[in-house]
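The values are calculated or read from the model by the stated rules, or taken from the named source; none is laboratory data. For clarity, every value in this text was computed on a predicted model and none was experimentally measured. Note that each Cβ is placed from the backbone with ideal geometry, even for glycine, and that neighbours are counted across all protein chains shown. These area figures cover heavy atoms from the full protein model, side chains too; ligands, DNA and RNA do not enter into them. Shrake-Rupley method; radii C 1.70, N 1.55, O 1.52, S 1.80 Å.
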Amino acid sequence: MQQPKTQQIFGIPFVASTLESAAAHFAQRAVTTTTPCLVAHSDVHVLTRILHEKDYGEGLAQFDYICPDGMPIVWLMRRKKADAHRLYGPDMMEQMWSISAANGLRHFLLGGSEEAVALLREKLGARYEGAQVVGHYCPPMGEWPEGTHEEIFRRIRESGANCVWVGLGCPKQERWMFTHRSQLPPALYFGVGAAFNFHAGLVKQAPKWVRSHGLEWLYRLCKEPRRLFKRYLVHNTRFLWYCLTKKI
């Protein structure tokens, strides 16, 4: 199986592909993999954590694919002449569901609330006939009770899923994936952040033109200022500093 092309940004290999080509590759990998395969969707927040936090950076180095989830990363890739496109987590999820029936994909949803998962299954299931959701698990907020991880592994294994959508939020979802990689059943694991709430209709996405101009962070900040102010102040500032001081 031919691997998608990548482009290094600050030493991180980002997938350089269209959404359709990347999804087609992931679908093929999902039905053939005999090991857990990890897919990260990295925006500026994830990128700066990789560079700034040693344990997080070492963990992301274990991922099989890192997709450019934010337009600033895509722009840097294009500056280096890569044929780069935004591989946004919610878009990847929808694209993979759209080709499920033709590729034999079976989906497991990890994260979110019971309400979000029920709405997500209803809305995407109605839109993409033949998409199989074979299981889900909604962990509690805060600390997980003893045995939670083992219960998740068991449910994924018994479901027969080959695509596992992990919506635990960043950086928790990536840490969970790389910490437990050796225990995960064979499948593709996608870290997709807020995609569950977006597709369930519980949180409104930024308009497409806002996303394409790299301003989704500002839209989300206006919607959730108390929760996101510190994240964007710290990580956007770090990103600008890295662009000015490090070799891209």
Can you spot a residue in the stretch 133-148 that is closer than 19 Å to V44 by Cβ and either modelled with pLDDT under 95 or acidic (D, E) (or both)? no
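Would you mind stating whether F153 is at pLDDT 95 or above, open to solvent by less than 20 Å² (accessible area, probe 1.4 Å) and among the hydrophobic types (A, V, I, L, M, F, W, C)? Spell out the reasoning first.
Details: at pLDDT 95 or above: yes; open to solvent by less than 20 Å² (accessible area, probe 1.4 Å): yes; among the hydrophobic types (A, V, I, L, M, F, W, C): yes.
Answer is yes for this residue.
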Output yes when any residue across the stretch 96-117 is under 16 Å from the mean Cα position of the chain (by Cα), part of a helix (DSSP H, G or I) and surrounded by 14 or more Cβ atoms within 10 Å (Cβ to Cβ), and no when none is. yes
Looking only at residues that are at pLDDT below 95 and among the polar types (S, T, N, Q) in the stretch 1-20, which one is nearest to E58 (Cα to Cα)? Q3
Select, from K208, K172, K246, the only residue that is basic (K, R), in contact (Cβ under 8 Å) with a residue 12 or more places away in the chain and surrounded by fewer than 17 Cβ atoms within 10 Å (Cβ to Cβ). K246
Which residue pairs have Cβ atoms under 8 Å apart, sit 6 or more places apart or on different chains, and have a first residue in the stretch 5-26 that is under 29 Å from G104 (Cα atoms) and a second that is open to solvent by less than 10 Å² (accessible area, probe 1.4 Å) and among the polar types (S, T, N, Q)? F14/S42
Please enumerate the residues belonging to the stretch 11-58 that are of a type in the set (G, A, S) and crowded, with 17+ Cβ neighbours inside 10 Å. A16, S17, A22, A23, A24, A27, A30, A40, S42
Could you give me the residue pairs with C-beta distances under 6 Å whose first residue belongs to the stretch 118-144 and is open to solvent by less than 40 Å² (accessible area, probe 1.4 Å), whose second residue is charged (D, E, K, R) wherever it lies, and which are 6+ apart or on separate chains? V133/R121; G135/R155; Y137/R155; C138/E114
